[in-house]
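Report on the structure given below.
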Amino acid sequence: MQKCQEILNEGLDALDLLLTQAQQKKLIAFIVLIEKWNKAYNLTAIRNPEEMVRLHLLDSLAIANYIQGPKVLDIGTGAGLPGIPLALIYPHYSFVLLDSNIKKTRFVQQAVIELGLKNVTVWHGRIENYQPTIYFNSIVSRAFSSVQSFVSVASERLSSGGVLLAMKGQHPDKELQQIDNDFSVIPIMVPGVDAERCLVQLHKVKRA
C-alpha cells in the first residue's frame with residue numbers, strides 16, 4: 001500500500017487538504033476494506049487499489065470545501081462514498097449514509113466499526129422512505145439519478161440555508177433544464193484523474 005499512500009499524499013497536497021497521519025492511515029485502511037469485501041459484495045467495478053485512491057478517495061475529498069455542517073446526509077452512498085472519506089476529515093460533523101442496497105450498507109456499517117467512526121450512522125432503505133427527525137445542513141449525492149430527482153427527494157430534508165451537492169461527471173445540461181431552482185455548476189479537479197468532473201450546488205433560501 002506504499003504506492004497508495006504516495007498517491008494519497010500527492011492528491012491531498014493538490015487539494016490543499018491538511019490531514020493528520022491518523023486520518024490518512026484510516027483512509028488507506030478504508031481502501032483495504034473495499035478491496036477485501038469487493039470480492040464477495042461487488043462494491044465497485046474498480047479493482048486496482050491505486051485507482052481506488054484516485055477515483056474513490058480523492059474524488060470524494062475534492063468536494064470537501066463545499067460541505068456545510070454539522071449535519072450531513074449522503075444519499076446513495078454505495079460503498080460509503082463520499083460519506084466515509086468526508087466523515088474521516090470532519091470528525092465534528094455528524095453523517096448519515098443511506099443506500100437501498102443491503103449488501104452495501106452492511107459493508108459500510110462494518111467499515112464504520114473497523115475505522116472507529118463515531119460520527120456516522122448507516123441507514124438501509126430508499127430515500128423516499130427516510131423520515132428523519134432532523135434537517136441536514138448538507139445533502140450530497142455521488143451516484144444518485146438525475147439532478148431533478150435528487151432535488152425533489154432531498155429538498156424537504158434540507159435545513160434552511162442548507163446546500164444540496166450533486167456530484168457529476170460532464171456538465172449535466174439536459175438535467176439542469178428540468179429544474180427551477182437556482183444553482184451553480186462548479187468544475188472539480190480530481191488529482192490524477194483525467195476526466196471531467198463538476199459539482200452542482202443548490203442552496204435552500206433561509207426562512208425569514
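The values are calculated or read from the model by the stated rules, or taken from the named source; none is laboratory data. Please read these numbers as outputs of a predicted model, since none were measured by experiment. Positions of Cβ are backbone-derived with ideal geometry, glycine not excepted, and every protein chain shown enters the neighbour counts.
Details
- Of the set (1) surrounded by 15 or more Cβ atoms within 10 Å (Cβ to Cβ); (2) farther than 30 Å from Lys39 by Cβ; (3) touching a helix residue (DSSP H, G or I) at 6+ places or on another chain (Cβ under 7 Å), all apply to Pro132 but (1).
- Among (1) more than 15 Å from Val112 (Cα to Cα); (2) among the aliphatic types (A, V, I, L, M); (3) touching a residue at least 40 places away in the same chain (Cβ under 8 Å) - the single one Leu33 does not satisfy: (1)
- Contact annotation: residue pairs with Cβ atoms under 8 Å, 6 or more positions apart or on different chains, pairing a residue in the stretch 171-184 that is within 12 Å of Ser146 (Cα to Cα) with a partner that is aromatic (Phe, Trp, Tyr) and surrounded by 15 or more Cβ atoms within 10 Å (Cβ to Cβ), are Leu176/Phe183.
- Any hit, the stretch 1-12, residues being touching a residue at least 40 places away in the same chain (Cβ under 8 Å) and under 23 Å from Ser138 (Cα atoms): yes
- Residues that are among the hydrophobic types (A, V, I, L, M, F, W, C) and loosely packed, with under 13 Cβ neighbours inside 10 Å were ranked within the stretch 187-196; the one that is farthest from Leu12 (Cα to Cα) is Ala195.
- When restricted to residues that are under 17 Å from Asp13 (Cα atoms) and aliphatic (A, V, I, L, M), the stretch 40-71 contains 8.
- Residue that is nearest to the chain's Cα centre (by Cα) [pool: residues in the stretch 146-165 that are within 20 Å of Ala62 (Cβ to Cβ) and at pLDDT 95 or above]: Leu165
- Of all residues in the stretch 57-85 being in a strand (DSSP E or B) and not acidic (Asp, Glu), the one that is nearest to Arg142 (Cα to Cα): Ile75
- Looking only at the stretch 93-123, and only at residues there that are in contact with a Gly (Cβ under 7 Å, 6 or more places away or on another chain) and not hydrophobic (A, V, I, L, M, F, W, C), the one that is nearest to Gly76 (Cα to Cα): Asp99
Table: residues versus (1) touching a helix residue (DSSP H, G or I) at 6+ places or on another chain (Cβ under 8 Å); (2) surrounded by 15 or more Cβ atoms within 10 Å (Cβ to Cβ); (3) not in a loop (DSSP other than H, G, I, E, B).
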site: Gly11; (1), (2), (3): yes, yes, yes
site: Phe30; (1), (2), (3): yes, yes, yes
site: Leu43; (1), (2), (3): yes, yes, no
site: Leu55; (1), (2), (3): no, yes, yes
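- Residue identified as over 22 Å from Leu55 (Cβ atoms), surrounded by 13 or more Cβ atoms within 10 Å (Cβ to Cβ) and of a type outside the set (Lys, Arg) among Val140, Val163: Val163
- Wholly within the stretch 143-208, strands (runs of 3 or more DSSP E) carrying at least 3 residues that are touching a helix residue (DSSP H, G or I) at 6+ places or on another chain (Cβ under 9 Å) and closer than 23 Å to Asp99 by Cα: 158-168, 198-203
- Tally, over the stretch 133-145, of residues that are at pLDDT 90 or above and either among the hydroxyl-bearing types (Ser, Thr, Tyr) or within 16 Å of Thr105 (Cβ to Cβ) (or both): 5
- Positions within the stretch 86-115 being assigned to a helix (DSSP H, G or I) and of a type in the set (Ser, Thr, Tyr), in sequence order: Thr105
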